[in-house]
Structure formats: structure tokens, C-alpha cells
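Presented below is the structure to which this report refers.
The values are calculated or read from the model by the stated rules, or taken from the named source; none is laboratory data. Keep in mind that this is a model prediction, so the values were computed, not measured. When we count neighbours, we look across all protein chains shown, and the Cβ atoms used for this are built from the backbone with ideal geometry, even at glycine. Areas reflect the complete protein model, heavy atoms only, side chains present, ligands, DNA and RNA absent. Shrake-Rupley method; radii C 1.70, N 1.55, O 1.52, S 1.80 Å.
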Amino acid sequence: MQYAARRQQLMQAMGGGLAVLPTAPEASRNADTHYPYRPDSHFWYLSGFTEPEAVLVLDARTGKSVLFCRAKNLDMEIWDGFRHGPDGAKEAFGFDEAYPIEELDTRIVTMLAEADTLYWGVGRRGDWDARVGRWLEAARGSRNLGPAPGRFADLATLIDAQRLYKDEAEIATLRRTGAISAEAHVRAMQATRPGRYEYEIEAEILHTFVRHGARHPAYESIVAGGANACTLHYVGNRDRLADGELLLIDAGSEFMGYAGDITRTFPVNGRFTGAQRAVYEVVLAAQLAGIAQVRPGVAWNAFADAALKVLVEGLVDLKLLTGTVDDNIESGAYRQFYMHGLGHWIGLDVHDVGGRKGANGDWIRFAPGMCTTVEPGLYIRPADNVPAEFHNIGIRIEDDVLVTETGHEVYTAGVPKAVDDIEALMRAAKG
């Protein structure tokens, strides 16, 4: 079972001591309903357990994993659904021990005895910092137990480093959510027409997600027509799509906890104008240059620099920037049109954990099992230095890429991005 293997790997990295990891709390949406529940990503990664009110304790001295969770309660299951209970969770997820959550505060004091180091999410949740403090006070005040931990460490630092490298189960799930996300984007392209509303196209995307068992998007979908595409995090999704405009869609499904993240930009009427096509080809060339650098041994900044150079060359060729490519990069003049980074790690979180620099300050180098997005863009708002034909053109192209032993795999390639392919797909959809 992958969860047990992940727990053992983490305990080896701990080298000793005790780790405490609570899942996420439930959150109220209004007076009598909750937001859809999602476990804490670190907790889910290590346990596979998706019920609320649960805590994972790892004892690196013994190699044991212990779950505290809600007890079986047939009356509550009538209202809220199935609960594993401690015995069921122990059997299903391979824990060494499991107890009712109500026993955590008493049992943990004994477990803390003679643990030299306590790992937990330091500073992330004030209620848990206070609770851990009470445990330590109780352990120190006991005359019948060994000494309480004298060292404290941030558990997330170790888990972040481990989650950066996806195992085979994770890769399979990422491929699946990537395929679902790609199908949703294809459906959106086929459904787009002048006169439809952004939210209608969003509905087509959500339909595909849910139809494949991905009941929730990985993040709030961006469906941005025309000038809206020049707002990076536009999520209003309420405007009517106009003939001659572009539509930028940034959307991804969440399947079994793992995120897809795809962006495509295409003409509402199915045909790029000359200016739209010229800008689009620059962004696509930049994305392909960045993807080409995703392979073992290449530093994070190298793939970003490769894409940036292509973007700036294109801006100079289009006369949206003047001067040399190097001068525009050094001065940052390109930030008028490109103001974000090239990508981010992706996994259980859409912006997944893991640093971009190592402890020595050097850029991290790609290695097999890492997954990143590659998403250059150009966003051209009206300005005195911008010809009218380029006004309100916002284009981003994004794919999810796995680093393999020999190179990379674009596992969201199921949705077209070449101009001719997009136009052919939309033309065919019109019949």
C-alpha cells in the first residue's frame, strides 16, 4: 500500500522522534451547511483517509503509525454517511494502531515520553499550537513518564521535500486528472460560439469533470473572454462572448485529490485574426521552448529563461517592445505584457509543495517524478505604446509535464494547441 510506504519513508527522514499531523477542519458555508469537505493534503498523502476529525501520529522510534478518528456511530451514519471507525480504518489503510479521536489528548502524553523531537505543523494553526503546548505541559508535569521532547521541528518541511517526487500511484492519478481536464477543454472549444456566456462554457467544463467522477474543480475556473483574459485571476465568468474576441480558459479537475491545470486560448468564432495569431504563435513557441527544457538535470531557472527569451524576441518582432532582447530582459520592460512565472509544481495541490531552490540556495534541478506546469502568456492591455489591433489580446497556454528518466511527458496533450488544430476542431463542431 502506497500510504504505508510513504509513512515509512517519512519516518526514516525524521530519524527519530514523534510526528503529529491533524487533517483539515470542516468549514461552515452558512448557517446550516458546510463547504464540501477536503482533507489536509499532507494528511491525505500519508494516510489515504478522507474523513474529518482525524489525527495521524507517527513514531519514528518504533516505526508505528497511529490514527485517531471518529468512532463508528450508526445513528450519525444515517444522517451523514459511512464512517470507518478506528478498527475499519486500521484495516483499510494499514495503520499499526487506531483509536477514537476522543482519546488523543490522553494517549498522546504517554506517546511523547522520551521522544527527543516533536514534529508538527509549527505556526500553521494556532489552535493546534496551543493544544500541543498543553500536551507538553502535561508530559513535563508527569512524574511517571520519561522526559518530554526538548526539540521541535516543522513536519511540513520534510513532507514538502518528499511530495516533490511523485510515486507510481500519484503519476497514474495525475495522468487521469490530466486526461479529464483535457477532455473538458475540448468540449469547451466545441461548445463556444459568439453570443454564449462565459458561465455557459464553464458549465460544459464542469459537466465533463463530474461525468468522470471528478466532482470538484482543482481551483475556480477562469473562463475569460476578450479583455477579461488580461486579468490573470478573472473568475467572474459572467460576460457574453463576442464575435472576433479570444476566449482564455484556465481550468482543471481534481480527481482523487490530485489536480489538473490546463490553459487554452482560442477564438470565439473559431478563426484567429492576424494579430491574434501572431501573438498566439509567440506564446506557443515560448511554451514549447520551456517544455523542451523539462528533463533530468536542468535547473528550474533554465526552463523559465528559455521561454522568456522567446517571448521577448516575439514582442520585439511585433514592435511591442523596442531595443534588444537582452536589454528588455535586463530592464524588465517585458513585464508590461508578461508578469508571472513560467510554472509551478503540481500534485495534491494545484500549486504543489516543494521549493524551487535547495538549502544551498541553488536552483533545484529537474529529476524523474517531478511534475510541473509550463504556462507562458502575453496580456496586452490598451496603452499608448500598443497598436489598436493588439488591444485586449490575452493569451496563455498551459500544460502539465512529468519529468521522466529520459526527458518529459506532457500528460495533458489531449487538447489541441496548434492554431490549425484548434480551428479545425471548432470548424468540425459547427457541422
So what's the net charge close to ALA429: Lys and Arg +1, Asp and Glu -1, counting the other residues with Cβ under 12 Å from its Cβ?
-> +2
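How many percent of the accessible area of region 165-429 is carbon or sulfur, using a 1.4 Å probe? Before the final figure, lay out each step's value.
On the way: 5330 of 10620 Å².
Ligands and nucleic acids excluded, carbon and sulfur give 50 percent.
Can you tell me the FRET efficiency between ALA278 and ARG125 if r is taken as the Cβ-Cβ distance and R0 is 41 Å, rounded to the nearest 0.05?
The formula returns an efficiency of 0.25 here.
How fast does the chain diffuse by Stokes-Einstein, in µm²/s, taking the Kirkwood radius from C-alpha pairs at 4 °C and 1.567 mPa s?
Values: Rh = 23.9 Å.
Using the Kirkwood radius from Cα pairs, D works out to 54 µm²/s.
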Regarding region 198-334, what are the three Cα extents along the principal axes, ordered largest first, in Å?
-> 48, 42, 23
Which percent of Cα-Cα pairs in region 278-332 sits in each 10 Å bin, short to long?
-> 26, 48, 23, 2
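Which of the chymotrypsin sites (Phe, Trp or Tyr not before Pro) across region 363-427 are loop residues per DSSP, with 12 or fewer other Cβ within 10 Å? Walk me through the intermediate numbers first.
On the way: sites: TRP363, PHE366, TYR379, PHE390, TYR411; in loops: PHE366, TYR411.
The qualifying sites: there are none.
Can you tell me the order of 120-126, 247-253, 32-38 when each peptide is scored by its average per-residue count of other Cβ atoms within 10 angstrom, highest first? Show your work: numbers first, answer last.
Working: 120-126: 15.4, 247-253: 27.3, 32-38: 10.7.
Packing proxy ranking, top to bottom: 247-253, 120-126, 32-38.
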Over what distance in Å are the Cα centres of region 407-431 and region 284-339 separated?
-> 24
Rounded to the nearest 500, what is the chain's calculated 222 nm mean residue ellipticity when only DSSP H runs of at least 4 contribute -39500 (n - 2.57) each, over all residues?
-> -12000 deg cm²/dmol
Under a 10 Å cutoff between Cα atoms, tell me which one of ARG277, ARG264, ARG295 has the largest fluctuation in the Gaussian network model of the chain.
-> ARG277
Diffusion constant of region 3-163 at 37 °C, which comes from Stokes-Einstein with the Kirkwood Cα-pair radius and 0.692 mPa s, µm²/s | 201
Of the residues LEU311, LEU136, LEU284, which exhibits the maximal mean-square fluctuation in a Gaussian network model of the chain defined by a 10 Å Cα contact cut-off?
-> LEU136
Taking only protein heavy atoms into account and a 1.4 Å probe, give the accessible area per residue of the chain in Å².
-> 45
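Of the listed pairs LYS319/LYS430; LYS309/LYS417; LYS90/LYS166; LYS166/LYS430; LYS309/LYS357; LYS309/LYS430, which have alpha-carbon separations greater than 32 Å here? Numbers along the way, then the final one.
Details: LYS319/LYS430 36 Å; LYS309/LYS417 20 Å; LYS90/LYS166 25 Å; LYS166/LYS430 41 Å; LYS309/LYS357 22 Å; LYS309/LYS430 38 Å.
Checking Cα-Cα distances, LYS319/LYS430; LYS166/LYS430; LYS309/LYS430 exceed 32 Å.
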Give the carbon-plus-sulfur fraction of the accessible surface of region 3-163 in %, rounded to a whole number; probe 1.4 Å, heavy atoms of protein chains only.
-> 50
Take the Cβ-Cβ distance between ALA203 and ASP421 as r, set R0 to 22 Å, and report the resulting FRET efficiency rounded to the nearest 0.05.
-> 0.35
Among ASN237, ASN228, ASN385, whose mean-square fluctuation peaks in a Gaussian network model of the chain (Cα, cutoff 10 Å)?
-> ASN385
